[in-house]
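Peer 1: I have a structure here, written as structure tokens, and I will follow up with some questions on it.
The values are calculated or read from the model by the stated rules, or taken from the named source; none is laboratory data. Fair warning: this is a prediction, and the values are worked out from it, not measured in the lab. Because the Cβ atoms are built from the backbone with ideal geometry, glycine has one as well, and the counts that use them run over all protein chains shown.
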Amino acid sequence: MLYLSRADVEAVDLPMPDIIAALEAMFVEKGQGKVEMPPKPGIHPRKDAFIHAMPAFIPSLSAAGIKWVSGYPDNQAKGLPYITGLLILNDPDTGIPMAVMDATWITAQRTGAATAVAARRLARTDSATAGIIACGVQGRSNLEALASVFDLRHVRAHDIHPEIARRFAGEMGPRLQVDIEVVGSPRECVEADLVVTSGPILKNPDPVIEAGWLRPGAFASAVDFDSYWQGGALAEADKLATDDTDQMEYYRSEGYFKQTPRAYADLGEILAGRKPGRQSEEERTFCVNLGIALDDMATAIIVYREARKRGLGMELPL
């Protein structure tokens, strides 16, 4: 069995466009009903914390496995990452584990890639400005993904910790060759073509984004469920999609999404051509990506194969 540490996974340096392409192929297959992914079960040892089991199988990629991932909002005050986890890949023919790898980098990058997949179908093709609310790991990966599919001219960034927003602008601006302005309020960020909110996921949030802030023609990706968006703001959506409707309804039954409208489609249905994406320049569109195991398996199998080619990682006995 191959073990890949976080350093090994990062050394593969899988390009964002490759992850986006893998997710697009996966969502087409999902929309055709060819994948397997049960709703993710989880445990919740602390308030607003979770540890989830996320299994999935993608036949066309021969990718089968499970991610065991945790999200602890209080970790940031301890100098620890919010998201950590391990991912196991199994041989679909024998069921034998063939790799165990750190899932932190994969989780970050595939989440940004899923936003880009959604934006390609739900945002205006001429979108040129972006607003990033919460400038941590997800803020970075989502901006990287959007910049790989849109010609961004200007980005506004906001974080409840201004120094994090300043660091974000100082590092991501030169890296992506885009102008990033740090702003003092969420509302200034929402006044953009593309909006991403990526704070901690909260069961009982106190959202600040009000109705009327997101302008007609804009697209928003709520990576943090509805933690930033008031019910009235979400109700203004002409189209609200998700990455998996079954899982969204499961979360709703657990007390999340109290004021969030039901999704009209999941990304698989849109990419497979079963339901439409954006249909007019004036539509306000949302995608609430929950983060699904299919994203992880589509990314992890490529990481695994590239690591094998490059001789990365450590062989361990079962």
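Peer 1: Have a look at M98, M54 and point out the one that is of a type outside the set (S, T, N, Q), more than 18 Å from the chain's Cα centre (by Cα) and in a strand (DSSP E or B).
Peer 2: M98
Peer 1: Same structure again: In region 104-137, what count of residues is obtained for those that are in contact with a Gly (Cβ under 7 Å, 6 or more places away or on another chain) and either within 17 Å of A241 (Cβ to Cβ) or at pLDDT below 95 (or both)?
Peer 2: Residues that pass the stated criteria total 6.
Peer 1: Still on this structure: So, of the residues in region 230-269 that are in contact with a helix residue (DSSP H, G or I) (Cβ under 8 Å, 6 or more places away or on another chain) and aliphatic (A, V, I, L, M), which turns out to be nearest to R187 (Cα to Cα)?
Peer 2: That would be L240.
Peer 1: Of the conditions (1) surrounded by fewer than 24 Cβ atoms within 10 Å (Cβ to Cβ); (2) touching a strand residue (DSSP E or B) at 6+ places or on another chain (Cβ under 8 Å), N204 fails just one. Which one is it?
Peer 2: In the conditions (1) surrounded by fewer than 24 Cβ atoms within 10 Å (Cβ to Cβ); (2) touching a strand residue (DSSP E or B) at 6+ places or on another chain (Cβ under 8 Å), N204 misses (2) alone.
Peer 1: OK, next. Of the numbered conditions (1) part of a loop (DSSP other than H, G, I, E, B); (2) under 21 Å from L122 (Cβ atoms); (3) acidic (D, E), E249 satisfies every one except a single condition; which is it?
Peer 2: Condition not satisfied by E249: (1).
Peer 1: Out of the residues in region 229-246 meeting the condition of being part of a strand (DSSP E or B) and in contact (Cβ under 8 Å) with a residue 60 or more places away in the chain, tell me which one is surrounded by the fewest Cβ atoms within 10 Å (Cβ to Cβ).
Peer 2: The selected residue is K239.
Peer 1: How many residues does region 25-36 contain that are surrounded by fewer than 19 Cβ atoms within 10 Å (Cβ to Cβ) and in contact (Cβ under 8 Å) with a residue 60 or more places away in the chain?
Peer 2: Selection size over region 25-36: 3.
Peer 1: Next question. Could you list, in sequence order, all residues of region 81-96 that are among the aliphatic types (A, V, I, L, M) and more than 15 Å from D48 (Cβ to Cβ)?
Peer 2: L86, L87, I88, L89, I96
Peer 1: Can you find even one residue in region 268-277 that is surrounded by 23 or more Cβ atoms within 10 Å (Cβ to Cβ) and farther than 25 Å from H52 by Cα?
Peer 2: Yes, region 268-277 contains at least one residue that is surrounded by 23 or more Cβ atoms within 10 Å (Cβ to Cβ) and farther than 25 Å from H52 by Cα.
Peer 1: Let me ask something additional. Being within 20 Å of the chain's Cα centre (by Cα), part of a loop (DSSP other than H, G, I, E, B) and farther than 20 Å from Q138 by Cα is the requirement here; does P261 meet it?
Peer 2: yes
Peer 1: Quick one: in region 101-125, which of the residues that are small (G, A, S) and either part of a helix (DSSP H, G or I) or without any contact (Cβ under 8 Å) to a residue 24 or more places away in the chain (or both) is surrounded by the fewest Cβ atoms within 10 Å (Cβ to Cβ)?
Peer 2: Per the criteria, the residue is A108.
Peer 1: Which of (1) of a type in the set (A, V, I, L, M); (2) without any contact (Cβ under 8 Å) to a residue 24 or more places away in the chain; (3) part of a loop (DSSP other than H, G, I, E, B) is the odd one out, the single condition A21 does not satisfy?
Peer 2: (3)
Peer 1: Shifting gears a bit: Within 23 Å of S198 (Cα to Cα), in contact with a Lys or Arg (Cβ under 9 Å, 6 or more places away or on another chain), surrounded by 15 or more Cβ atoms within 10 Å (Cβ to Cβ) and without any contact (Cβ under 8 Å) to a residue 40 or more places away in the chain - does that describe any residue in region 71-82?
Peer 2: yes
Peer 1: If you go through region 70-78 one residue at a time, do you hit one that is closer than 20 Å to Y251 by Cα and among the polar types (S, T, N, Q)?
Peer 2: yes
Peer 1: While we're looking at this one, here's another question. Filter region 43-54 for residues that are within 15 Å of T107 (Cβ to Cβ) and either of a type in the set (K, R) or crowded, with 16+ Cβ neighbours inside 10 Å (or both) and give the result.
Peer 2: Listed by number, the residues that qualify are F50, I51, H52, M54.
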